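J.: My questions will all concern the structure given below.
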Amino acid sequence: MSTLEIKDLHVSITTEQGTKAILKGVSLTIKTGETHAIMGPNGSGKSTLASTIAGHPRYNVDSGTITLDGEDVLAMTVDQRARAGLFLAMQYPVEIPGVTMTNFLRTAKTAIEGEAPKLRTWTKDVKAAMAQLRIEPEFAERNVNEGFSGGEKKRHEILQLELLHPKFAVLDETDSGLDVDALKVVSEGVNRAIDAGGLGTILITHYTRILRYIKPDFVHVFVDGSIAEQGGPELADRLEAEGYDRYQVAETASA
Amino acid sequence: MTELTQEHATDSKAWSQDFIKGMTEEGESLSEINPESGPLGGSAAKAHSHGGDSHGGGVGVPDSSRAGRLTSYKLADFPAITGREEDWRFTPLKRLRGLDRVGIKGQEINGPAPLVEFSSPDAVSVETVGRDDVRIGSAGIPEDRVAAAAWEHFSEATIVTLPANYEGTIDDITTLTLTGQGDAPAAAHVVIEAKQFATGVVVLDHRGTAVLSENVEVLVGDGANLTVVSIQDWNDDAVHASAQHIKVGRDAKVKHVVINLGGNLLRTTPSARYTSTGGDVEMLGLYFADAGQHLEQRLFVDHSTKHCKSRVTYKGALQGDSAHAVWIGDVLIRAEAEGTDTYELNRNLILTRGARADSVPNLEIETGLIEGAGHASATGRFDDEQLFYLQTRGIEESVARRLVVRGFLNEVIQQIRVPALEERLRESVERELAATPV
Ligand SMILES: Nc1ncnc2c1ncn2[C@@H]1O[C@H](COP(=O)(O)OP(=O)(O)O)[C@@H](O)[C@H]1O
Ligand SMILES: [Mg+2]
């Protein structure tokens, strides 16, 4: 079992207007096998947390720690973090010109495993995973995310989750922009990854809708850069009914 | 399907996916131009002096139309280049080291021509001939002052002949290695002829240091199938203008490949013309511009006969300060060229800040009776977000960069289909990447 531990994390960004504090003391401990939902209104800092865990250079960590089984994650480069077992499914996956999905997936798998996957089984695994996520085979030869619809991009993020077998996955609003059918397909993919075992999941979402398909063990409500409340799945039900109003933000959490 | 994007990606951070639908159609203004002239402009064009005309576009012809551009073997017919001409507006004239000013204020072009060495299959002949050889001038007429200067001043030409019915394979290629002999302005002339039904591959491999203006004539006989690859892998200080004139016979196919890698300023101007029906031109280009390099490729496909085809695919990567690539793709479908099928594409990938790509497709259509005509042009940027994305998948920065560039350029390399060359080009690309100044 592994543990990802975030302690009193303060994060800011530097803009033309100066320094802006975004995360104001976030603490969160997550173990493999657990699923944590992080819910919160727009602009509360959810993506910032996700990007900081992954190591995006834009975000300055002013204080606090992130450790993976005691190892200092903040000292690692972005690719080292991925090889250590962290995975980020992005809210806005990036288009990469010139690189086919096939090439990209094989290169990523090789980087993470430290050796090239056996071609035969790998090809089979990729095909099967694509089929389960209802991704058409021709996407294998398309450039990464190039010209993909929002839903197609999200499905490809989950494809990578399923193929790369991380220890911890941060899924940043994987549900947003999906219609119900796509949401089901994507949720099934996440559940398969969870059921396969050995995965801790941080499910970032604005809405409660996805929690009908993916059951969280813990729910954390994120408001203005810190966790305002936490509890079990019942907290999500409450948010569905009441929205984020009682945290004094005019936003609705229900779908 | 036509898409057109002209993005000068230096001014926007994001790699944009915008494809602006559109097409350049200027057929109306073209119909009266040289109505009787053949694919080479005919004898009238050779005899006609436009020396007094201050516009590079010729007499009474809109500058925007490619059909009206002056062609002449005589240097004196071309006015001095100012840099404001459509044809020259992207070229840093100062860096041409005099090639643009031959005949003006005593500027000469009499340096030693590149040393030509060759390897070829027995059946293919490679000859060195004098200026008076009758085969010189059979495929093209200079279309700019720099090419005319070379035409007027070269002393010997190299002629490669693939005999009729010769069946060369992709492993059995002819290679001319042209090694520059220093930085005195020089002129060179090469003629490559594939006789009727000949099949084969000819490679021009330019290296060393040179300030060179060169004319390459490519004659593709009826039913022939010729691949010509022109590699420019000069030393960093080289300046090279290469006008490559391609003449395609009936039912003939030519694959013309331009590889621009090394040199300070490279200006490659391939033009293809058809003599009859059923001709097929495939133009491929690959360039990799580093800091300080100016790589310019301007091509022209002149559809003047029925039922011919052209496909153009040029891709370039750019990195480093002041790396500059220019791609101009002029395709003209004349009124008589019914049944034409053409598509041209240019893609640029900018790897670092400070590099700039100009990409201008220009399709002129004088007849509606065509199979298809389209173009696409886009300039993308490899940016920090893309790098971050790849790194979050465990991929190291240097590997990520390579992955992107290799993938991007591979599309062209694969289409060359000459195994020995593909290998060499992959290595060259790796070398360019290893030199990344970031
Ligand atoms: N790269 C950035 N540049 C400028 N402001 C940013 C950037 N990233 C985040 N912010 C600001 O930080 C706050 C939190 O944003 P974000 O983490 O994206 O929130 P969420 O994902 O919860 O919607 C917002 O006010 C947002 O405008
Ligand atoms: Mg967000």
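Derivation of every value follows stated rules applied to the coordinates shown; laboratory data play no part. All values derive from a computational prediction rather than experimental measurement. Please note: Cβ atoms are built from the backbone with ideal geometry, for glycine as well, and neighbour counts cover all protein chains shown.
J.: Taking the Cα centre of the protein assembly as shown as the origin, how large is its charge dipole in debye, to the nearest 20, when only Lys and Arg (+1) and Asp and Glu (-1) carry charge on their Cβ atoms?
T.: Details: 69 positive and 101 negative charges, 157 e Å.
Computed about the Cα centre, the dipole is about 760 debye.
J.: Tell me which residues come under 5 Å, amide H to amide H, from B:VAL301 once H is placed; ignore anything under 5 positions away on its chain.
T.: The list, which skips near neighbours in sequence, is B:ALA272, B:ASP330, B:VAL331, B:LEU332.
J.: Pop a pseudo-label 7 angstrom from the Cα along the beta-carbon direction at both A:GLU5 and B:SER276 and give the gap in nm to one decimal.
T.: Using points 7 Å along Cα→Cβ, the separation is 8.3 nm.
J.: Show me B:78-84, A:161-167, A:12-18 ranked by packing, highest mean number of other Cβ atoms within 10 Å first. Can you show the working numbers first?
T.: Numbers: B:78-84: 14.7, A:161-167: 20.7, A:12-18: 10.0.
My ranking of the peptides, most packed first, is A:161-167, B:78-84, A:12-18.
J.: I've got another one for you. How big is the Kirkwood radius of chain A, worked out from every pair of different alpha carbons and given in Å to one decimal? List each step's numbers first, then the result.
T.: Details: mean 1/r = 0.0535 Å⁻¹.
Every distinct Cα pair counted, the radius reaches 18.7 Å.
J.: Within 10 Å of each Cβ of A:90-102, how many other protein chain Cβ atoms are there on average? Display every interim value, and only then the final one.
T.: Numbers: counts 4, 0, 2, 1, 10, 7, 13, 14, 15, 10, 2, 0, 0.
If you average over the peptide's residues, the count of other-chain Cβ atoms is 6.
J.: Determine the shape class of segment A:152-228: with a ≥ b ≥ c the square roots of the Cα gyration tensor eigenvalues, call it rounded for a/c under 1.5, and otherwise prolate if a/b is greater than b/c, oblate otherwise. Numbers along the way, then the final one.
T.: On the way: a/c = 1.71, a/b = 1.23, b/c = 1.39.
Judged from the Cα gyration tensor, segment A:152-228 comes out oblate (a/c at least 1.5, b/c at or above a/b).
J.: Within 10 Å of each Cβ in peptide B:404-410, how many partner chain Cβ atoms are there on average? Round it to a whole number, please. Mind showing how you got there, number by number?
T.: Details: counts 7, 3, 3, 10, 5, 1, 4.
What the average comes to for B:404-410 is 5.
J.: Still on this structure, please answer the following. Using only the Cα atoms of segment B:328-421, build the gyration tensor, take square roots of its eigenvalues as a ≥ b ≥ c, and label the shape rounded, prolate or oblate: rounded if a/c is under 1.5, else prolate if a/b is larger than b/c, else oblate.
T.: Numbers: a/c = 3.33, a/b = 2.19, b/c = 1.52.
Verdict is prolate for segment B:328-421.
J.: Under a 5 Å amide H to amide H cut-off, with H placed in plane at 1.01 Å, what residues pair with A:ALA89 once short-range neighbours are removed?
T.: A:VAL170, A:LEU171, A:ASP172
J.: With the cut-off at 1.5 for a/c, could you classify segment A:92-197 from its C-alpha gyration tensor as rounded, prolate or oblate? Could the numbers behind the result be given before it?
T.: Values: a/c = 1.57, a/b = 1.19, b/c = 1.31.
It comes out oblate by the Cα gyration axes.
J.: Right, something else. If you count the DSSP beta bridges with both ends in segment B:265-347, what percent of them are antiparallel, to the nearest 5?
T.: Working: 0 of 34 bridges.
In segment B:265-347, DSSP labels about 0 percent of beta bridges as antiparallel.
J.: Per-residue Cβ counts within 10 Å, from other chains only, averaged over A:146-152: what number is that?
T.: Numbers: counts 3, 2, 0, 0, 0, 0, 0.
The per-residue average across the peptide is 1.
J.: Which whole-percent values make up P(r) of the protein assembly as shown when all C-alpha to C-alpha distances are grouped in 10 Å steps starting at zero?
T.: Result, from short to long distances: 3, 14, 22, 20, 14, 11, 10, 5, 1, 0 percent.
J.: Sort the following peptides by mean Cβ neighbour count (other Cβ atoms within 10 Å, averaged over residues), highest first: B:315-323, B:123-131. Let's see the in-between values first.
T.: Working: B:315-323: 22.6, B:123-131: 14.4.
With the highest mean Cβ count within 10 Å placed first, the list reads B:315-323, B:123-131.
J.: Let me ask something additional. Quick one: what do you get for segment B:59-207 if you divide its Cα Rg by 2.2 N^0.38 Å? Don't jump to the answer; show the numbers that get you there.
T.: Details: Rg = 17.5 Å, N = 149, 2.2 N^0.38 = 14.7 Å.
In units of the 2.2 N^0.38 Å rule of thumb, it is 1.19.
J.: Can you give the net charge of the other residues whose Cβ lies under 13 Å from the Cβ of A:GLY64, counting K and R as +1 and D and E as -1? Display every interim value, and only then the final one.
T.: Working: positive: A:LYS7, A:LYS24; negative: A:GLU5, A:ASP8, A:ASP62, A:ASP72.
Local net charge: -2.
J.: Separate question: May I ask you to evaluate 6.51 cos²θ - 1.76 cosθ + 1.60, the Karplus curve with θ = phi - 60°, for each residue of segment B:106-112 and list the ³J(HN,Hα) values in order in whole Hz, giving x for glycine and proline?
T.: Per-residue couplings from phi come out as x, 5, 10, 9, 10, x, x Hz.
J.: Roughly what would the spin-label model give for B:THR82 and B:GLU117, points 7 Å off Cα along C-beta, in nm?
T.: The modelled label-to-label distance comes out at 4.6 nm.
J.: Out of residues 5 or more away from A:SER226 or on other chains, whose amide H comes under 5 Å of its own, with H placed 1.01 Å from N in the peptide plane?
T.: A:LYS24
J.: Over the Cα atoms, compute the radius of gyration (one decimal) and Dmax (the largest Cα-Cα distance, rounded to a whole number) for segment B:211-368, in Å.
T.: In Å, with Rg to one decimal and Dmax whole: 15.9, 47.
J.: Here is a further query. Tell me the relative contact order for chain A as a rounded percent, counting alpha carbon contacts under 8 Å between residues six or more apart.
T.: Numbers: 496 pairs, mean separation 66.4, N = 255.
So the answer I get is 26 percent.
J.: With angles folded into 0 to 90 degrees, how steeply does helix A:101-113 sit against the dominant principal axis of chain A? Use alpha carbons for both and round to 10.
T.: Roughly 70 degrees between the two axes.
J.: Report the antiparallel proportion of the DSSP beta bridges in chain A as a percent, rounded to a multiple of 5.
T.: Values: 27 of 45 bridges.
Rounded to the nearest five, the antiparallel share is 60 percent.
J.: In sequence order, what are the phi-derived ³J(HN,Hα) couplings for segment B:177-191 according to the Karplus relation 6.51 cos²θ - 1.76 cosθ + 1.60 with θ = phi - 60°, rounded to whole Hz, with x for glycine and proline?
T.: 9, 10, 9, x, 10, x, 9, 7, x, 9, 10, 9, 9, 10, 10
J.: Here's something else I'd like to know. Given 10 °C and 1.306 mPa s, how large is the Stokes-Einstein diffusion coefficient of segment A:1-112 in µm²/s, with Rh as the Kirkwood radius over Cα pairs? Mind dumping the intermediate values first?
T.: Details: Rh = 15.5 Å.
Diffusion coefficient, whole number: 102 µm²/s.
J.: Putting +1 on Lys and Arg Cβ atoms and -1 on Asp and Glu Cβ atoms, find which of A:ILE135, A:THR121, A:LEU161 reaches farthest to the positive end of the dipole of segment A:92-161.
T.: About the Cα centre, the residue reaching furthest to the positive side is A:THR121.
J.: Go through segment B:380-394 residue by residue and turn each phi into a ³J(HN,Hα) via Karplus (6.51, -1.76, 1.60, θ = phi - 60°); whole Hz please, and just put x for glycine and proline.
T.: x, 10, 8, 10, 4, 5, 5, 4, 4, 4, 5, 5, 5, 9, x
J.: Using R₀ = 41 Å, calculate the FRET efficiency as 1/(1 + (r/R₀)^6) where r is the Cβ-Cβ separation of B:GLU371 and B:VAL399; round to 0.05. Provide the component values of the computation, followed by the final result.
T.: On the way: r = 43 Å, r/R0 = 1.04.
Efficiency, rounded to the nearest 0.05: 0.45.
J.: Can you give me the distance in nm between label points at A:ALA196 and A:THR110, each placed 7 Å from the Cα along the Cα-to-Cβ direction?
T.: Label-label distance for A:ALA196 and A:THR110, simple model: 2.0 nm.
J.: For A:ALA241 and A:ASP179, FRET efficiency with R0 = 22 Å and r from the beta-carbon atoms, rounded to 0.05?
T.: Numbers: r = 24 Å, r/R0 = 1.08.
For R0 = 22 Å, the calculated efficiency reads 0.40.
J.: Continuing with the same structure: Taking the Cβ-Cβ separation of A:GLU141 and B:GLN107 as r and a Förster radius of 35 Å, what is the calculated FRET efficiency to the nearest 0.05? All intermediate terms of the calculation are to be shown ahead of the outcome.
T.: Details: r = 52 Å, r/R0 = 1.49.
Plugging the Cβ-Cβ distance into 1/(1 + (r/R0)^6) gives 0.10.
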